[in-house]
1. Divide the volume of the convex hull of the Cα atoms of region 1-73 by its number of residues and quote the answer in cubic angstrom per residue.
2. In whole Hz and in residue order, list the ³J(HN,Hα) couplings for region 35-51 that follow from phi through the Karplus curve 6.51 cos²θ - 1.76 cosθ + 1.60, θ = phi - 60°; x for Gly and Pro.
3. Which whole-number percentage describes the relative contact order of region 3-92, with Cα contacts under 8 Å and a sequence gap of 6 or more?
4. In the chain, what percentage of the DSSP-assigned beta bridges are antiparallel, given to the nearest 5?
5. Spin-label point model (7 Å from Cα, Cβ direction): what's the residue 44 to residue 28 distance in nm?
6. What nm value, rounded to one decimal, do you get for the distance between residue 82 and residue 102 when each label is placed 7 Å out toward the C-beta?
7. Before I look further, what does region 3-92 give for accessible area per residue, probe 1.4 Å, in whole square angstrom?
8. Tell me, what % of the accessible area of the chain is carbon and sulfur with a 1.4 angstrom probe?
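The values are calculated or read from the model by the stated rules, or taken from the named source; none is laboratory data. All values derive from a computational prediction rather than experimental measurement. Cβ coordinates were reconstructed from backbone atoms using ideal geometry, including for glycine residues, and neighbour counts include every protein chain displayed. These area figures cover heavy atoms from the full protein model, side chains too; ligands, DNA and RNA do not enter into them. Shrake-Rupley method; radii C 1.70, N 1.55, O 1.52, S 1.80 Å.
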Amino acid sequence: MSAFPVLIQPAGLRFDAAADTSVLLAAQAAGIKLPSSCRNGTCRACLCLLLEGSVTYSVEWPGLSRDEKEEGWILPCVARATSPLEIQAPLAAPLEPAAPVVRPLTGARR
C-alpha cells in the first residue's frame, strides 16, 4: 500500500500516511497529536485546512458543509491521503512520552 508524506503547518511536523489509514491515526502512530474526539467525522474537533493535496473519506458524508469542502477544510479522523498533503493544524504537537508508572514499595516478596 502506498504512503504519502504529510506536512503540518505552522509547526513543520512531518509524517507519512498510508493510503488505507486516516490522517489522524497516521499522525498518532508517528508521535504527533492532533485534536480529536469522536473519530467518526461528526464532532469536528479535528477540523483543519488542507493547503495542498487531496483526500478521500472513509464515511459517505463527513461533518462538513459543501462550502467548507470547497474552501479546503478536512476532517483528519476520517480523511485518507491520496497524494502528498500539507495541512494547517495550529494545535498539532508532538506526543509527550507517558510518565513512568511509580509503584510504591510494599515490603512484600514475590
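1. Residue-normalised Cα hull volume stands at 95 Å³.
2. x, 6, 8, 6, 6, 10, x, 10, 7, 6, 5, 8, 3, 8, 9, 8, 8
3. Numbers: 195 pairs, mean separation 36.7, N = 90.
Computed value for region 3-92: 41 percent relative contact order.
4. 80 percent
5. With each label point 7 Å from Cα toward Cβ, the separation is 2.2 nm.
6. Label-label distance for residue 82 and residue 102, simple model: 5.1 nm.
7. 51 Å²
8. 53 percent
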